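Working notes, beginning with the structure itself.
The values are calculated or read from the model by the stated rules, or taken from the named source; none is laboratory data. Keep in mind that what you see is a predicted model, and the values were worked out from it rather than measured. Glycine also receives a Cβ, built like all others from the backbone with ideal geometry; neighbour counts cover every protein chain displayed.
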Amino acid sequence: MPLILALFLILAIPAVAAPWRAEYTVTMAGVTMMEAQVTFDLDGPGYWVESRSRSRGVANIFASGAYVTRATGAWQGNAAVPRRYSLEGQARGAARRIVIDYENAVPRIRVLEPLEDMPRTPIPEEAIPGTVDSLSALATLVRQVSRTARCDASTRMFDARRLTLFAARTVGQEGEGLRCELESRHIAGIPRQRDAGQAAQPQIIHTWFVRPHENGPAIPGRIELATRWWGRIEAHLVRLEPVRAN
């Protein structure tokens, strides 16, 4: 569930000048389960992203949580090269914190709390170099969409607990939006309690990019995915606005 919510959040990142703030609601069966706010700046040689999410309504009974996630880095062409990734928050009343620094494309875990959250399959050490955090991976994707109107890309993501293959492909134009299909597949760090066959199945996320403001960025207006336990989850853009300097 946390990865799914993270994907909703970070898909709000466009590649445009000046900081912007996007607000989303996440629903299940028409009921609001989460609210999310993403503030970002992808202009210039570097980038930064901050996402804040909090469960709402009945979600607080079954999967309560609140997270602040940040990423900073630099651009190498259209590819994001991360410098630091951090996550801080609570899930079901338990504190969680992650800090990863990147040295020559190698993630270095500085903070991991709790150290062990559950039994997981091992992650080979040789598979970690060259991976990126989820925010930087999707920043790369959205920069590509903004510049080429295509969303064909793939990378490996590492969040200190899981190794994930991420791929995206262009479906085509639908109305005023560009539809993209994203695929997320865990390949290591998988909870041992999960069924092996189920764990091997990719998570498919459908995303429609739109441009709410004539001179603003193209960002996801709607995101949909089907889950085994939660049914269909949808995220809808509520508001997009530039961040005014104080």
Q | Residues located in segment 115-162, provided they are of a type in the set (Gly, Ala, Ser), surrounded by 18 or more Cβ atoms within 10 Å (Cβ to Cβ) and in a loop (DSSP other than H, G, I, E, B) | A | Ala160
Q) In segment 168-182, what count of residues is obtained for those that are surrounded by 15 or more Cβ atoms within 10 Å (Cβ to Cβ) and under 19 Å from the mean Cα position of the chain (by Cα)? A) 6
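Take segment 204-224 and flag every residue that is closer than 19 Å to Leu165 by Cβ and out of contact with any helix residue (DSSP H, G or I) (no Cβ under 7 Å at 6 or more places or on another chain). First the steps, then the outcome.
So in segment 204-224, the residues closer than 19 Å to Leu165 by Cβ come out as 204-207.
If the condition is that a residue be closer than 19 Å to Leu165 by Cβ and out of contact with any helix residue (DSSP H, G or I) (no Cβ under 7 Å at 6 or more places or on another chain), then Ile204, His206, Thr207 are the ones that fit.
To keep it simple, each residue is scored yes or no on (1) out of contact with any strand residue (DSSP E or B) (no Cβ under 9 Å at 6 or more places or on another chain); (2) within 25 Å of Thr25 (Cβ to Cβ); (3) of a type in the set (Asp, Glu); (4) in a strand (DSSP E or B).
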| site | (1), (2), (3), (4) |
| --- | --- |
| Ser51 | no, yes, no, yes |
| Gly57 | no, yes, no, no |
| Tyr67 | no, yes, no, yes |
| Ala71 | no, yes, no, yes |
| Ala80 | no, no, no, yes |
| Leu87 | no, yes, no, yes |
| Ile98 | no, no, no, yes |
| Pro107 | no, no, no, yes |
| Arg110 | no, no, no, yes |
Q. Can you name the residue in segment 53-68 that is closer than 17 Å to His236 by Cα and of a type in the set (S, T, N, Q) and is also modelled with the lowest pLDDT among such residues?
A. Ser55
Q.
List pairs: first residue in segment 106-122 and farther than 22 Å from Ala80 by Cβ, second residue polar (S, T, N, Q) and in a loop (DSSP other than H, G, I, E, B) anywhere in the structure, Cβ distance under 8 angstrom, at least six positions apart or on different chains.
A. Met118/Gln193; Pro119/Gln193
